[in-house]
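Here the structure comes first, spelled out in structure tokens, and everything after it is commentary.
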Amino acid sequence: MTDKFDKICIVAVNAAYTHSSLSARCLFKALGDNALVCEYTINDNISKVAAELYKHSCSLYAFSCYIWNIEFVLDVCRILKAANPGCTILLGGPEVSYDAVCVMQEHDFVDCIICGEGEIALKEFVSGKDYDKIGGLVYRKDADIIQNDIQPIINLDELPCLYTKEDVTGLQNKMVYYETSRGCPYRCSYCLSSTSHGVRFFSLGRVFEDFKMFIDCGVKLIKLVDRTFNIDKERTKQILRFILDNNKQTCFHFEISADIMDDEMIELLTGAPKGFFQLEIGVQSTNEKTLDAIDRKASTDKLIKNIKSLQKPHNMHMHLDLIAGLPYEDYESFKNSFNDVFALRPDMLQLGFLKLLKGTKIRNEAAKYGYVFNLKPPYEVISNDFISYDELLKLKDVCEIVEKYYNSASFEKSLEMALGFFDNAYDFFYEFAKFWSKNSYDKRSQSKKALYDIFLEFYKSNIGENTELFCELLKFDFIKNNKNATLPAWVTTRPGKAFYTNCYEFLKSEEGVKYIPHLSGAKLCDIIRTVKVERFNFDVLNTYKFGECVIIFDYENNTFTKIEEKF
């Protein structure tokens, strides 16, 4: 199998079960498939993971290390080495690449670390090449720890292809990670990608061949890990055209810089069928002084203009990011950034909190900006010269409400009405967060159904106007997002059995089947399982005026339609 190790195990610890490890696959293929790959999640039991790995009786265990899994990995390695002192523990990845010597000094069970790209270094390591000739390797020699110069950058097309049809078949229900490039041209001070030198690309022929395989095999979601997918505009447009010409139902997720997009690229994206693309766009802040301090050379005006253009056809899920804790972004400034981005109504607004990662410029500038941060992963900011811990905690409370009531997309109509009673979006979420904490809802987990009850309670106590209409909108949101669930106790509009009997009989009729043509000829029981008919006291779809409104919710097609006929 190899010259030095008779059995090798590559270990990945993912953040969630639906994720697959790109790094583990890269290393596995670099070794010519001559290794065992074991994937776990950070929610697994550490002792059980260590026991399972021990039972494989490998001579080498190689772990990929990130901020989300490093403590888990080290705990597993500690047990593994104690149980099998003769095995070799090898670490790699960004979390150990920037202070490798220190990691080995603190953890004597770690035998070696590979810094930087690992494919070539690992292949040389397992083949028995002299340690002092392996680029990027950190190893023990007697009582010393030796660190070699970093490995020269890899010609990406020299790396083996990562996926076969057999591989992909087992990943259809997982998020498949893929890269068409490595590196980033930007120098954002908080990002590890800023430490790379330039951007390298895989050839388009190779990318297209892989994409065609993913599409033909029915992979649901491909997430590209390219730091800036659209940095080469012409190349990006070629990839988009290929997807548009060949795609069936696979969704491609890209991280892009919206401010550098041209009209042609926007046209390609906005002309795509719904569900082909997801876009992730890092705004981070709309404070120009902050953007300048973190070396982020983006035109906020151009970025917002292009985002609005991308949103017009409503054919793409769009995820916008903000980061709290950046230089010069005090509490009021962050509120402004939040309101600027929320005004765009993205499908998801991600509120992140600055992590001062090893190797980044901003970590080296910690004293300059008065940063206090957690010295353990994920190295999150506690305070700086511009924002206090107390203020960051307020933002965390707001973040929780945004996640539950905005990013969930389960309260669209009721939320929009409630927002209208506040001067700005941040004030609404902040007041809701205070209410949430005051009533100790943060002390225990809340069911999805309970979230509707709590929202109504907040509305009545903090707003109190037009409550009947709000209840109807909340009822609409509940029915739309909770198939076959029993209506909450606060729903007062409950038509009798005769109403529902008439509605479903109508839907079976020649006149009624126009609302559900895909169920033409279906049995009544099948119709009832697939759709729900409900009456409202307001036109909750359009005018919000008082008056009877009957709506059919089609859960199979995720649509809802007003029935014009009277019952």
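The values are calculated or read from the model by the stated rules, or taken from the named source; none is laboratory data. Owing to the predicted nature of the structure, the values given are computational and were not obtained by experimental measurement. Backbone-built Cβ (ideal geometry, glycine too); neighbour counts: all protein chains shown. Side chains included, ligands, DNA and RNA excluded: accessible areas come from the protein's heavy atoms. Shrake-Rupley method; radii C 1.70, N 1.55, O 1.52, S 1.80 Å.
Odds and ends about this structure:
- Total residues in region 48-100, condition of a type in the set (D, E, K, R) and touching a residue at least 60 places away in the same chain (Cβ under 8 Å): 3
- The one condition in (1) open to solvent by 70 Å² or more (accessible area, probe 1.4 Å); (2) of a type in the set (K, R); (3) in contact (Cβ under 8 Å) with a residue 24 or more places away in the chain that K480 fails to fulfil: (1)
- Single condition V207 does not satisfy, out of (1) of a type outside the set (G, A, S); (2) open to solvent by less than 20 Å² (accessible area, probe 1.4 Å); (3) over 26 Å from L349 (Cα atoms); (4) part of a strand (DSSP E or B): (4)
Conditions tested, residue by residue: (1) over 18 Å from L320 (Cβ atoms); (2) open to solvent by 60 Å² or more (accessible area, probe 1.4 Å); (3) not small (G, A, S).
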| site | (1), (2), (3) |
| --- | --- |
| L393 | yes, yes, yes |
| C399 | no, no, yes |
| E403 | no, yes, yes |
| S408 | no, no, no |
| F411 | yes, no, yes |
| N424 | no, no, yes |
| F429 | no, no, yes |
| K438 | yes, yes, yes |
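- Counting only helices (runs of 4 or more DSSP H) that sit completely within region 100-183, those holding 2 or more residues that are β-branched (V, I, T) and at pLDDT below 90 correspond to 165-169.
- L137 meets each of the listed conditions (1) open to solvent by 20 Å² or more (accessible area, probe 1.4 Å); (2) of a type in the set (A, V, I, L, M); (3) closer than 20 Å to G93 by Cα apart from (1).
- Residue list for region 211-223, restricted to those being open to solvent by 10 Å² or more (accessible area, probe 1.4 Å) and assigned to a helix (DSSP H, G or I): K212, M213, D216
- If you go through region 489-513 and keep only what is surrounded by 10 or more Cβ atoms within 10 Å (Cβ to Cβ) and within 39 Å of the chain's Cα centre (by Cα), you end up with W490, V491, T492, T493.
- Condition check for I67 on (1) surrounded by fewer than 21 Cβ atoms within 10 Å (Cβ to Cβ); (2) not in a loop (DSSP other than H, G, I, E, B): one failure, at (2).
- Set T493, T561, T543: member being part of a loop (DSSP other than H, G, I, E, B), touching a strand residue (DSSP E or B) at 6+ places or on another chain (Cβ under 6 Å) and β-branched (V, I, T): T493
Each row is one residue, and each column tells you yes or no for (1) farther than 20 Å from K358 by Cβ; (2) touching a Cys at 6+ places or on another chain (Cβ under 9 Å); (3) surrounded by fewer than 21 Cβ atoms within 10 Å (Cβ to Cβ).
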{"site": "H56", "(1), (2), (3)": "yes, yes, yes"}
{"site": "V73", "(1), (2), (3)": "no, yes, no"}
{"site": "G86", "(1), (2), (3)": "yes, no, yes"}
{"site": "E106", "(1), (2), (3)": "no, no, yes"}
{"site": "S127", "(1), (2), (3)": "yes, no, yes"}
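- Within region 298-305, the presence of a residue that is touching a residue at least 12 places away in the same chain (Cβ under 8 Å), in a loop (DSSP other than H, G, I, E, B) and touching a Lys or Arg at 6+ places or on another chain (Cβ under 7 Å) is excluded.
- Every residue from region 531-562 that is surrounded by fewer than 18 Cβ atoms within 10 Å (Cβ to Cβ) and not charged (D, E, K, R): N537, L541, N542, T543, Y544, F546, G547, Y555, N557, N558, T559, T561
- Long-range neighbours under 8 Å by Cβ, at least six apart or interchain, first residue assigned to a loop (DSSP other than H, G, I, E, B) within region 318-342, second among the hydroxyl-bearing types (S, T, Y) and surrounded by 19 or more Cβ atoms within 10 Å (Cβ to Cβ): L326/Y190; L326/S285; L326/T290; P327/T290; Y328/T290; E329/S285; E329/T290; E329/S337
- When residues in region 352-366 are screened for being in contact (Cβ under 8 Å) with a residue 12 or more places away in the chain and open to solvent by 10 Å² or more (accessible area, probe 1.4 Å), 9 of them pass.
- When residues of region 25-64 are limited to those that are of a type in the set (G, A, S) and not in a helix (DSSP H, G or I), the one nearest to I120 (Cα to Cα): G32
- Test: residue in region 277-294 that is outside any strand (DSSP E or B) and modelled with pLDDT under 95: no
- Some residue of region 269-292 being free of Cβ contacts under 8 Å to residues at least 60 places away in the same chain, over 19 Å from I231 (Cβ atoms) and touching a His at 6+ places or on another chain (Cβ under 9 Å): yes
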